1. Given the criteria open to solvent by 90 Å² or more (accessible area, probe 1.4 Å) and at pLDDT below 70, does L8 qualify?
2. Would you tally the residues in segment 18-42 being in a helix (DSSP H, G or I), modelled with pLDDT under 80 and open to solvent by less than 80 Å² (accessible area, probe 1.4 Å)?
3. Being open to solvent by 80 Å² or more (accessible area, probe 1.4 Å) and among the small types (G, A, S) is the filter here, so list the residues in segment 49-78 that pass it.
Amino acid sequence: MEYGIRALAGVRALAEGRALTTRLILLATDEDGMSTAEYAIGTIAAAAFGAVLYSVVTGDSIVTALTNIIDKALNTAV
């Protein structure tokens, strides 16, 4: 009977150790938010995307296409 109690205590200690290990791993890998470096990289990427989008939209071909679409819409006989 004594061996059964010791074995049960060993199993309980092992389970508690695993639970503690699991909690520590979750705390170490918790990613609730971005760090400062990630914010900086995200800001630079957003600014670069905005610059590319602005250059595409203000390009001559886009302005000409939009002007043609508006002219067609205004000059359509109803």
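The values are calculated or read from the model by the stated rules, or taken from the named source; none is laboratory data. Because the structure is a prediction, the values reported are computed rather than measured. Just the protein is used for accessible areas: all its heavy atoms, side chains included, with ligands, DNA and RNA removed. Shrake-Rupley method; radii C 1.70, N 1.55, O 1.52, S 1.80 Å.
1. Working: open to solvent by 90 Å² or more (accessible area, probe 1.4 Å): yes; at pLDDT below 70: yes.
Against the criterion (open to solvent by 90 Å² or more (accessible area, probe 1.4 Å) and at pLDDT below 70), L8 qualifies.
2. Filtering segment 18-42 down to residues in a helix (DSSP H, G or I) leaves 18-28, 36-42.
In the following step, the residues that additionally are modelled with pLDDT under 80 were identified as 18-28.
After this cut, where a residue has to be open to solvent by less than 80 Å² (accessible area, probe 1.4 Å) as well, the list is 19, 21-22.
So the count comes out to 3.
3. Correct list: S61, A77.
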